[in-house]
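Novice: One structure, pasted below without further comment.
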Amino acid sequence: MDTLQLNKALNAIVEKKNLLGTLSYDDKKYDKIEEELHDLEDDFMDNFGDDLEEILQDVHDEKCPDNEVLMPIAYLGNKYKEVGKNADGSKIYEALPKEGVMVDVDDFAGKDTRLVLIPNPTRLELIIDGKKKVVLWEAEKSSK
């Protein structure tokens, strides 16, 4: 899997989701942006879906085996918060507290735990009670 292209594709989806989140449903641009987002998500699944499903299965097996693995795009947040910039100028994002897929993690029984996919660097984070964040998987910096 080309992790550089994965991050680029994921970043494009996040930017489009954030843009869509700024528009009201009656905005003239809303439908066009939403269609562009769906096209990006379709391409993302075509190019990286199988590889990401394997990664998600490994994470689920280790951390939340009682939960079914969903399609990788299900692990995307609806909105991401920009919190800075990387050395290369790319935006650093974090997921908002209630984003991602709810999962049951034995180590955090009784807590709100969610898995979310985030770019720059591409990673899968576990968000615990909307505060604590643990990186469960991170893509290598170069392509494989």
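Novice: Viscosity 1.567 mPa s, temperature 4 °C: give me the Stokes-Einstein translational D for the chain in µm²/s, with Rh taken as the Kirkwood radius over C-alpha pairs.
Specialist: The Stokes-Einstein estimate is 82 µm²/s.
Novice: State, as an integer percentage, the relative contact order of the stretch 41-134 based on alpha-carbon contacts under 8 Å between residues 6 or more apart.
Specialist: Values: 142 pairs, mean separation 18.9, N = 94.
Relative contact order, the stretch 41-134: 20 percent.
Novice: Turning to a different aspect of this structure: Leaving ligands and nucleic acids out of the surface, order ASP58, ASP46 by accessible area at 1.4 Å, largest first. Show your work: numbers first, answer last.
Specialist: Details: ASP58 100, ASP46 125 Å².
Result, largest first: ASP46, ASP58.
Novice: Using helices alone, what [θ] at 222 nm do you get for the chain, with -39,500 (n - 2.57) per DSSP H run of 4 or more residues, divided over all residues and rounded to the nearest 500? Each step should come with its number before you reach the end.
Specialist: On the way: 2 runs with 53 residues, N = 144.
Estimated from H runs of four or more residues: -13000 deg cm²/dmol.
Novice: Taking a probe of 1.4 angstrom, what is the accessible area of HIS38 in Å², to the nearest 10?
Specialist: Result for HIS38: roughly 90 Å² accessible.
Novice: Over the heavy atoms of MET102, what accessible area does a 1.4 Å probe trace out, to the nearest 10 Å²?
Specialist: Ignoring ligands and nucleic acids, MET102 comes out at about 120 Å².
Novice: Could you give the length gained on full extension between ILE92 and LYS29, defined as 0.36 nm per residue of separation minus the Cα-Cα distance, in nm? The partial results should precede the final answer.
Specialist: Details: separation 63, 0.36 × 63 = 22.68 nm, distance 2.61 nm.
Computed gain between ILE92 and LYS29 is 20.1 nm.
Novice: What is the magnitude of the charge dipole of the stretch 61-144 about its Cα centre, with +1 placed on the Cβ of each Lys and Arg, -1 on the Cβ of each Asp and Glu, and no other charges, expressed in debye to the nearest 20? Could you put the intermediate results ahead of the total?
Specialist: Working: 14 positive and 16 negative charges, 110 e Å.
Rounded to the nearest 20 debye, it is 540 debye.
Novice: If I model a spin label as a point 7 Å beyond the Cα along the Cα-Cβ vector, how far apart are those points for ASP2 and LEU19 in nm?
Specialist: Between ASP2 and LEU19, the label points sit 2.2 nm apart.
Novice: Can you give the angle from 0 to 90° between the axis of helix 30-63 and the longest principal axis of the chain, with both taken from C-alpha atoms, to the nearest 10?
Specialist: Its long axis makes an angle of about 10 degrees.
Novice: Quick check: at a probe of 1.4 Å, how many percent of the accessible area of the chain sits on carbon and sulfur atoms?
Specialist: On the way: 3880 of 8310 Å².
That fraction is 47 percent.
Novice: With +1 on each Lys and Arg Cβ and -1 on each Asp and Glu Cβ, how big is the dipole of the chain about its Cα centre, in debye rounded to the nearest 20?
Specialist: Roughly 960 debye, rounded to the nearest 20.
Novice: With the chain treated as a Gaussian network of Cα nodes joined by springs under 10 Å, which of ASP88, ASP51, ASP39 yields the largest mean-square fluctuation?
Specialist: Ranking ASP88, ASP51, ASP39 by mean-square fluctuation puts ASP88 first.
Novice: Taking a probe of 1.4 Å, how large is the accessible area per residue of the chain, in Å²?
Specialist: Values: 8310 Å² over 144 residues.
Roughly 58 Å² per residue, with all protein chains present.
The values are calculated or read from the model by the stated rules, or taken from the named source; none is laboratory data. Quick caveat, the model's predicted, so the values are computed rather than measured. For neighbour counting, all protein chains shown are included, and Cβ atoms are generated from backbone atoms with ideal geometry for every residue, glycine included. Side chains are part of the model used for accessible areas, which takes the heavy atoms of the whole protein and leaves out ligands, DNA and RNA. Shrake-Rupley method; radii C 1.70, N 1.55, O 1.52, S 1.80 Å.
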